[in-house]
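**Student:** Submitted below is the structure of interest, expressed as structure tokens.
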Amino acid sequence: MQSTSITPLHTYPILSHFHSINLNNKNKNRKSLKLSLRTSKCCCFTLSSTHSCSKDQEKPQNNSYSIDPDRQKNPIINWEEFYSSIQEQEERTQYNEEEEEEPEFELPDHSGIRTNMWWTDLKAALGQRINVEGIVSSLGVFSKDKHLAIPHVSVPDIRYIDWAELKKRGFEGVVFDKDNTITVPYSLSLWSPLATSIDQCKSLFGNNIAVYSNSAGLDEYDPDGRKARILERAIGIKVIKHGVKKPAGTAEEIEKQFGCESSRLIMVGDRPFTDIVYGNRNGFLTILTEPLSCAEEPLIVQQVRVLEVALVNRWSRQGMKPTTHTLLPDCQQCVKDDPL
């Protein structure tokens, strides 16, 4: 028998009696390897390796290890068997864990995100009923700018507009309000009776047609632009995204979209104190239409609409007129007697 002994430069302490090796998994989320040792006294050992053909060394070893008291002074540890037993215990533990039912994974409850979505939806609903910017603007209209609420042209709906005459007069583009002007309230599709008029408008003005709405495309109520994209696909008209509700704001975003001054553009809408005030304040030719349907509107919107129309009619009877538009001094020239 040949024996080779390797003695390292350093000695390592080992507990006198090594009792057992246990792999405990007390925490499901983290594996912990625990060596259970029974302590009596500590000694030092040197690393030794022995090569022998004797059958005694070929006997299988169990998972419990002990140190022969006779060899306590110079113990020899079989590290290969030591780590092999640990690996077997770990594999068995992993196998048992795989058989256990995995806890269902749930996304964290981001209450802040949920609250933001709820608040956005609430503001969208309220925004269709209460226009704070419109109320503030109305105070100025009542006091000194009543003429801003009076349109250049009033028609039942856009079928009565002579698009060819407006194009001939030098206008370069048309801006539509959405709700109750070209769609019924809260709808994202064109009101079908208006399809012919929209097609005529497209044939004359080409791509210089857009929707400028207080719902679809408004940052506060359509922050991801989803409603604007749906409406664009449905009616084939560009929706201008903007950050301020009408009648507040300037025409800068619209002028950038059309590439011309607002004085060469037409604003078409159904609300005197929002669409018309905004258009007149920024130099558009303004056309007021009657609402397509009031059935879908909230009661408060219907009441405000009645008040707006009553005031405009009263001021018109008193002789108040809108500012004269340079491209169309006689605004009735762009109105059709027959909508067909």
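Every number in this text was worked out from the coordinates using simple rules, so none of it is lab data. What you are looking at is a predicted structure, and each value in this text was computed from that prediction instead of being measured. Cβ sites come from the backbone with ideal geometry, for glycine too, and all protein chains shown count toward neighbours.
**Student:** In the stretch 233-340, which helices (runs of 4 or more DSSP H) lie fully inside it and hold 2 or more residues that are without any contact (Cβ under 8 Å) to a residue 40 or more places away in the chain, of a type in the set (S, T, N, Q) and closer than 22 Å to THR183 by Cα?
**Tutor:** Values: elements: 252-258, 277-281, 299-317.
Helices (runs of 4 or more DSSP H) meeting the threshold: 299-317.
**Student:** SER215 is checked against (1) more than 23 Å from GLY243 (Cα to Cα); (2) of a type outside the set (D, E, K, R); (3) buried (at least 20 other Cβ atoms within 10 Å of the Cβ) and fails just one. What number does that condition carry?
**Tutor:** (1)
**Student:** Looking at the stretch 271-284, is at least one residue buried (at least 16 other Cβ atoms within 10 Å of the Cβ), farther than 21 Å from LYS202 by Cα and of a type in the set (Lys, Arg)?
**Tutor:** Yes, the conditions are met somewhere in the stretch 271-284.
**Student:** If I filter the stretch 291-310 down to residues being more than 24 Å from HIS147 (Cα to Cα) and acidic (Asp, Glu), which single residue comes out as surrounded by the most Cβ atoms within 10 Å (Cβ to Cβ)? Full working, then the answer.
**Tutor:** Looking only at the stretch 291-310, we keep the residues that are more than 24 Å from HIS147 (Cα to Cα), and these are 292-300.
This time we only want the ones that are acidic (Asp, Glu), so: 296-297.
Values: GLU296: 14, GLU297: 20.
Restricting to residues being more than 24 Å from HIS147 (Cα to Cα) and acidic (Asp, Glu), the top hit is GLU297.
**Student:** If you check ILE237 against the conditions, is it crowded, with 17+ Cβ neighbours inside 10 Å, more than 32 Å from the chain's Cα centre (by Cα), within 22 Å of PHE171 (Cα to Cα) and aliphatic (A, V, I, L, M)? Reasoning before the result, please.
**Tutor:** Numbers: crowded, with 17+ Cβ neighbours inside 10 Å: yes; more than 32 Å from the chain's Cα centre (by Cα): no; within 22 Å of PHE171 (Cα to Cα): yes; aliphatic (A, V, I, L, M): yes.
No.
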